[in-house]
Amino acid sequence: MPLAYEVLTWAFSFAGQRLATSLPADVSEPLKPPEKIMAKYKLEYIWLDGYTPLASLRSKTQIKEFASFPKLSELPVWGFDGSSTQQAEGKSSDIVLKPVASFPDSTRKNGVLVMCECFQHTGVASPSNSRATIPDDPDTWFGFEQEYFFWKDGAPLGFPVGGFPAPQGPYYTGVGYRNVGNIAREIVEKHIDICLDAGINIEGINAEVAKGQWEFQIFGKGSKNAADQMWVARYILARLGESYGVDIEWRCKPILAPFQQPLDWNGSGMHSNFSTKYMREVGGKEYFEKLMAAFNQYRDEHIAVYGPENHLRLTGLHETQSIDKFSYGVADRGASIRVPHSFVNNGYKGYLEDRRPNSAADPYLVAGRILKTIQTVPTK
Ligand code: ADP
Ligand code: MN
Ligand code: MN
Ligand code: MN
């Protein structure tokens, strides 16, 4: 039986083929291009509001039809009511949103995350639009280490109600329920995946020194590109926390005793690693020393954009230099700028780590200031 069945199916398929090849082509019908199937995309426009000293992320969705995943240049300019975000007076409050970077959003069907710059209706950049003001250079690379706290009921996630957990020590890169609880790692894992799906260069994560404190690292080429990725990675994390009833605390020193008295709990930084083409390829001790002299000269300008409340964090304790001093040192985590061993071993070539920017700092302003200072140092 099986043999007869096989013979029969072979005969039919052979006949079918003969039939198909022997039929004349219908020459009267012109060749049509394949029909474009339009799909509705959810465009999440993201921007920074006008709150000071700490701008918050805002976003809203518009639905638009495209034949395929939209290119940045296809995304329309949009707007919002700036009087509700401290970006405009009530009378003439329309603020223009201009898309500047876009990323696939794997958490939504046909989702797109659209980072935007804000402009007033006159075409002038909004005061909150830090991105519009900074220098850029695609050959300057940035690696940001974003530390943050998961925050619930007024305390870091995992702190007992009204009290403190066991002192710092086991939490940094820790494992096990007693060290990291049972929610944080799930959020962190999802955050990695959503970032990777979006094409964001997330380079790693780790549990940090304080309980409930974590870090992720973002690498990007160019100040605007690196900072775009960082802001969108922050957005993804904050949004992800919603479904766990957990907030992200970006402020740099959220655990303090009354009257802002210090406690033995680490603050959060956004260490900023940087290298220019010249630093990577030429470098040298002499250039390095000139660079550090410039960083010393512009110390106040750097601190001004390295995040609010940084005096609470840059105390000289907890792997920091104090806010009013500038120093650098090989493998020195108590310096303003840490010089990696590899930098010295390679003839003062490679990248440096500015440890002063804090977790709430605006990465546009941080990267922009670093580049601006570098640009004051002649390379010949
Ligand atoms: P740490 O020892 O300070 O915790 P991490 O491994 O967390 O260091 O972060 C190191 C960072 O340095 C990463 O974000 C990485 O992208 C960045 N980095 C590495 N090489 C370069 C480079 N050449 N230029 C700029 N940043 C770099
Ligand atoms: Mn790190
Ligand atoms: Mn860290
Ligand atoms: Mn670091």
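For residues that are outside any loop (DSSP other than H, G, I, E, B) and of a type in the set (Gly, Ala, Ser), scanning just the range 176-198, find the one that is nearest to ligand 4 (Cβ to nearest atom). I'd like the intermediate steps shown before the answer.
Filtering the range 176-198 for residues outside any loop (DSSP other than H, G, I, E, B) gives 177-180, 184-198.
Among the residues that remain, those that are also of a type in the set (Gly, Ala, Ser) are: 184, 198.
On the way: 184: 20, 198: 24 Å.
If we take residues in the range 176-198 being outside any loop (DSSP other than H, G, I, E, B) and of a type in the set (Gly, Ala, Ser), then 184 is nearest to ligand 4 (Cβ to nearest atom).
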Name the single residue that is modelled with the highest pLDDT among those in the range 314-353 being within 14 Å of ligand 4 (Cβ to nearest atom) and of a type in the set (Lys, Arg). 338
Looking at the range 162-180, I want the residues that are surrounded by 16 or more Cβ atoms within 10 Å (Cβ to Cβ) and have a partner that is among the hydroxyl-bearing types (Ser, Thr, Tyr) with Cβ atoms under 8 Å, at least 6 apart or on another chain. Which pairs are those? 179/171; 180/171
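In the list 288, 259, 274, which residue meets the criterion of being of a type in the set (A, V, I, L, M, F, W, C) and within 16 Å of ligand 2 (Cβ to nearest atom)? Let's see the steps before the verdict.
Details: 288 fails: within 16 Å of ligand 2 (Cβ to nearest atom); 259 fails: within 16 Å of ligand 2 (Cβ to nearest atom).
Going through 288, 259, 274 in turn, the sole match is 274.
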Looking at the range 84-116, which of its residues are more than 20 Å from residue 126 (Cβ to Cβ) and of a type in the set (D, E, K, R)? 105, 108, 109
Specify which of the listed residues (217, 260) is polar (S, T, N, Q) and within 13 Å of ligand 3 (Cβ to nearest atom). 217
Selection within the range 117-129 - buried (at least 21 other Cβ atoms within 10 Å of the Cβ) and touching a helix residue (DSSP H, G or I) at 6+ places or on another chain (Cβ under 6 Å): 117
Please go through the range 298-316 and give me each residue that is in contact (Cβ under 8 Å) with a residue 24 or more places away in the chain, outside any helix (DSSP H, G or I) and either farther than 15 Å from residue 263 by Cα or not polar (S, T, N, Q) (or both), ordered by number. 298, 305, 306, 307, 308, 309, 314
What tally of residues in the range 287-308 results from selecting those that are surrounded by fewer than 18 Cβ atoms within 10 Å (Cβ to Cβ) and closer than 11 Å to residue 377 by Cβ? 6
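Assess whether residue 138 counts as being in contact (Cβ under 8 Å) with a residue 12 or more places away in the chain and away from ligand 1 (no atom under 16 Å from the Cβ).
Values: in contact (Cβ under 8 Å) with a residue 12 or more places away in the chain: yes; away from ligand 1 (no atom under 16 Å from the Cβ): no.
Criteria not met by residue 138.
The values are calculated or read from the model by the stated rules, or taken from the named source; none is laboratory data. Please read these numbers as outputs of a predicted model, since none were measured by experiment. Neighbour counts run over all protein chains shown; Cβ positions are idealised from the backbone, glycine included.
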